[in-house]
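The values are calculated or read from the model by the stated rules, or taken from the named source; none is laboratory data. These numbers come from a predicted model, not from an experiment. Cβ sites come from the backbone with ideal geometry, for glycine too, and all protein chains shown count toward neighbours.
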Amino acid sequence: MQQKNQGESTLERKDQWQEQQWSGHPFIRAPFPTLPPVHFHPYSSRAHRPRLTTTLWEDENTICYQVDIQGTCVARRQDNDMINGTKLLNVAGMSRGKRDGILKNEKGRVVVKVGAMHLKGVWIPFARAKVLANQFNILDILYPIFADNPASFVYPSHFRHFHDASMMSPYQAETSTEAKNSFSAVKPYSNDFW
């Protein structure tokens with residue numbers, strides 16, 4: 001019984017000390033401040049956020065939006081919104097056999113055998129690609145390739161020269177040797193992300 005009383009008195013003293021610390025006055029009882037819940041977004045820091053770039057696919061006369069994830073470049077065509085399903089499923093870590101089995105039965109697929117390596121593969125419609133990305137839990141890591149308007153994440157590279165370099169973070173800065181036909185993700189993000 002005496003041990004219980006000693007434990008209670010220790011807790012009471014601790015409570016009194018905490019009251020003094022938070023309220024600034026020993027006679028005013030103030031609760032601990034309530035902090036809002038912390039929500040972590042998978043790309044809350046720039047180091048982990050995939051960078052959206054674009055390139056001109058000259059053979060098809062269209063621009064492609066690209067996100068590089070785990071060394072695999074997943075592309076989306078600007079003209080018809082088709083996505084390279086081969087690269088999409090590679091990001092999911094799928095075996096070649098399973099990937100090819102899924103893609104061979106896709107309706108509306110287009111097989112590209114020539115051109116740049118990141119553009120070769122089986123291209124599938126946007127809606128189906130989004131379903132597959134969701135099914136294999138890679139939709140979030142491919143952001144912003146599945147955004148409604150991915151063009152809002154890029155500026156044409158010739159605008160880059162008009163920006164004051166001191167206003168850009170190292171993440172946004174680009175080299176001057178970038179190809180003339182490419183676009184860069186130099187559009188500043190809103191402060192909502194950090």
Item to check | Residue in region 125-155 that is surrounded by the most Cβ atoms within 10 Å (Cβ to Cβ), counting only those that are in a loop (DSSP other than H, G, I, E, B) and of a type in the set (A, V, I, L, M) | outcome: ILE145
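Out of all the residues in region 182-189, is one or more modelled with pLDDT of 60 or more and either under 21 Å from THR72 (Cα atoms) or assigned to a loop (DSSP other than H, G, I, E, B) (or both)?
Keep residues of region 182-189 that are modelled with pLDDT of 60 or more, which gives none.
No, region 182-189 has no match at all.
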Item to check | Output for region 47-94, where each listed residue is in a strand (DSSP E or B), in contact with a Gly (Cβ under 8 Å, 6 or more places away or on another chain), surrounded by fewer than 21 Cβ atoms within 10 Å (Cβ to Cβ) and not aromatic (Phe, Trp, Tyr) | outcome: none
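Of all residues in region 101-115, how many are loosely packed, with under 15 Cβ neighbours inside 10 Å, without any contact (Cβ under 8 Å) to a residue 40 or more places away in the chain and part of a loop (DSSP other than H, G, I, E, B)? Step through it out loud before you land on a result.
Of the residues in region 101-115, the ones loosely packed, with under 15 Cβ neighbours inside 10 Å are 101, 104-105, 107-108, 111, 113-115.
If we keep only those that are without any contact (Cβ under 8 Å) to a residue 40 or more places away in the chain too, we end up with 101, 104-105, 107-108, 111, 113.
Next cut, part of a loop (DSSP other than H, G, I, E, B) only: 104-105, 107-108, 113.
Here the count works out to 5.
Would you mind stating whether PHE146 is at pLDDT 85 or above and among the aromatic types (Phe, Trp, Tyr)?
On the way: at pLDDT 85 or above: yes; among the aromatic types (Phe, Trp, Tyr): yes.
So PHE146 passes the test.
Return the residues of region 56-114 that are charged (D, E, K, R), closer than 20 Å to ILE141 by Cα and either touching a Leu at 6+ places or on another chain (Cβ under 7 Å) or at pLDDT 95 or above (or both); say none if nothing qualifies. Outline the logic, then answer.
Quick first cut of region 56-114, residues charged (D, E, K, R) only: 58-60, 68, 76-77, 79, 81, 87, 96, 98-100, 104, 106-107, 109, 113.
From what's left, closer than 20 Å to ILE141 by Cα: 68, 76-77, 81, 87, 99.
Residues satisfying the conditions are ARG76, ARG77, ASP81, LYS87, ARG99.
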